[in-house]
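Undergrad: The structure's right below; bear with me while I get my questions together.
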Amino acid sequence: MAGNPVKAFAEDGNNEFRHAFPEPVILIDAGHGGIDGGTSYGDILEKDINLAISRRLYMILRSHGYRTILNRTGDYALSDDNRWLNSRSRHIRDLAQRKELSEQVPSSIVVSLHVNWGRNKAKRGPLVLHQDEARSALLASSLQHALEDLYDLNRFTQPELGKPFYLLKHVDSPAVIVETGFISNAEDRAMLISTRGQQKIAEAIYAGIAEYFTVM
């Protein structure tokens, strides 16, 4: 992946970045990063899983001709790029930077990748959260089906409305948060941390995205 357009945008701080992408693009949001490790299991950190799957998804989408941006390509916090918001909260600066990028880039969809955790270690499988908006709900359903086919759970969990989540409330493009599995569950964790498992998850997410675009 040559260069980092996100860094370039952060440093320029203007709309010239938008003109580099005259057509709508898929924005992949790799959750957490840097000082924000997300959830964890021992020394396994969510931020690393999110980035690994996001990189693979980026490459798959590009190989199929989709214009795609990955909002972080390494282990750093997007709050470090945010020099425009006067807030002491690193968390708010991080979320606002993710929202700002979705506005500056003509995003057709925003897919934010995360990992789940639960007190009940038997709980497993993917969960997709969506906006209170028809296109977002359709995208969430496509992704939920594709991921559950991968996990072979013999059941379908309905995607959920993600009302409390900043990204879903503030991004105008159809957006979803994809909880790719439970780090607290041994079976899911094995999938999430293995190279093969991460590739399969990325391929399933691609399949869900491709299905969404066939009906839109």
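Undergrad: Please find the FRET efficiency linking Ile44 to Phe213, where r is the Cβ-Cβ separation and R0 is fixed at 35 Å, and quote it to the nearest 0.05.
TA: It comes out at approximately 0.60.
Undergrad: Which of the three applies to region 103-216, rounded, prolate or oblate, going by the alpha-carbon gyration tensor with a ≥ b ≥ c and a/c under 1.5 meaning rounded?
TA: It comes out prolate by the Cα gyration axes.
Undergrad: Leaving ligands, DNA and RNA out of it, report the carbon-plus-sulfur percent of the accessible area of region 131-216 at a 1.4 Å probe.
TA: Ligands and nucleic acids excluded, carbon and sulfur give 50 percent.
Undergrad: At a 1.4 Å probe radius, which order do Lys200, Lys47, Lys163 fall into by accessible area, largest first?
TA: Lys163, Lys200, Lys47
Undergrad: Beta carbons within 10 angstrom, averaged per residue: use that to sort the peptides 145-156, 168-179, highest first.
TA: Most protected by this proxy first, the peptides run 168-179, 145-156.
Undergrad: Enumerate the residues in region 148-176 having an amide nitrogen under 18 Å from the point lying 7 Å beyond the Cα of Glu187 toward its Cβ.
TA: Counting backbone N atoms under 18 Å from the label point, the list is 148-158.
Undergrad: Just by accessible area at a 1.4 angstrom probe, what is the order of Leu61, Leu161 from largest to smallest?
TA: Leu161, Leu61
The values are calculated or read from the model by the stated rules, or taken from the named source; none is laboratory data. All of these numbers come straight from a predicted model, not from anything done at the bench. Using ideal geometry, Cβ is built from the backbone for each residue, glycine included, and neighbour counts are taken over all protein chains shown. Surface accessibility is based on the protein's heavy atoms, side chains included, excluding ligands, DNA and RNA. Shrake-Rupley method; radii C 1.70, N 1.55, O 1.52, S 1.80 Å.
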